[in-house]
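Peer 1: Please see the structure below; I have some questions.
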Amino acid sequence: MENQLRSVETFLRDYERNVIAGNMPALLAQFADPFLAATPQGTKTVSAADFAQGLPARKQLFDRVGRNSSTLADIHTIPLGARYTLALTKWRFSFAQTQDNPQDILVDSAFIVDTGAGEFKIILYIAGDDVMALMKERGILKS
C-alpha cells in the first residue's frame, strides 16, 4: 500500500511536469476516457476529445494573463482500498503581469487515481476552488 501511495505521488509529479511543459498528449494520457470533473459550477463527464479541445485554450489564457509557473505545492494521499487512491493537492499559480506586482494564487484540488489497471489514470478530478473567480478577485483576469 505504501508503494502505491508513493507511486501516486510520482504520477502526480509527472502530471505537474506535463502541465509545466504544456505536454498535452502526456496530460491526456493521464486521464481515463471519460473521467468525471467536479468544479464549483457542477459535475460532468468529460471525454478525452473534449478535454483535448479545452486544454490549449486554458493554457493560452493563463499565459496571456502573466502566469509564470504552476507548482504542485502539496500532495496528501489516502488509499481507497486496493485499487484507488485519493490525492488531495494544493497548487500554486504564480502570475506577474508586471515585474513589481507578482501574485500567487493557491488552489485546492483532488484526484481519484485508478492504480489497478496497468497505467495509472485519473478517474475523478475535483476543483476545490474557482481559479477564474480568484483571478478576477485579484485583478489578474479582467471581467
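The values are calculated or read from the model by the stated rules, or taken from the named source; none is laboratory data. Values in this document were obtained by computation on a predicted structure and should not be read as measured data. Neighbour counts are summed over all protein chains in view; Cβ atoms, including those assigned to glycine, are modelled from backbone coordinates with ideal geometry.
Peer 1: Give the residue that is nearest to L86 (Cα to Cα), with candidates limited to residues of the range 104-116 that are aliphatic (A, V, I, L, M) and either free of Cβ contacts under 8 Å to residues at least 12 places away in the same chain or surrounded by 16 or more Cβ atoms within 10 Å (Cβ to Cβ) (or both).
Peer 2: Top of the filtered list is I112.
Let's see how each residue does on (1) without any contact (Cβ under 8 Å) to a residue 12 or more places away in the chain; (2) farther than 20 Å from K142 by Cβ; (3) of a type in the set (K, R):
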position: M24; (1), (2), (3): no, yes, no
position: G42; (1), (2), (3): yes, yes, no
position: V46; (1), (2), (3): no, yes, no
position: A52; (1), (2), (3): no, yes, no
position: A57; (1), (2), (3): yes, no, no
position: R67; (1), (2), (3): no, no, yes
position: T77; (1), (2), (3): no, yes, no
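Peer 1: Identify, from the list L12, L5, L36, the residue that is under 18 Å from S109 (Cβ atoms) and modelled with pLDDT under 95.
Peer 2: L5
Peer 1: Has the range 67-88 got at least one residue that is small (G, A, S), modelled with pLDDT of 95 or more and within 17 Å of F11 (Cα to Cα)?
Peer 2: Yes, the range 67-88 contains a residue that is small (G, A, S), modelled with pLDDT of 95 or more and within 17 Å of F11 (Cα to Cα).
Peer 1: Looking at T39, T10 in this structure, which one is within 21 Å of D130 (Cβ to Cβ) and β-branched (V, I, T)?
Peer 2: T39
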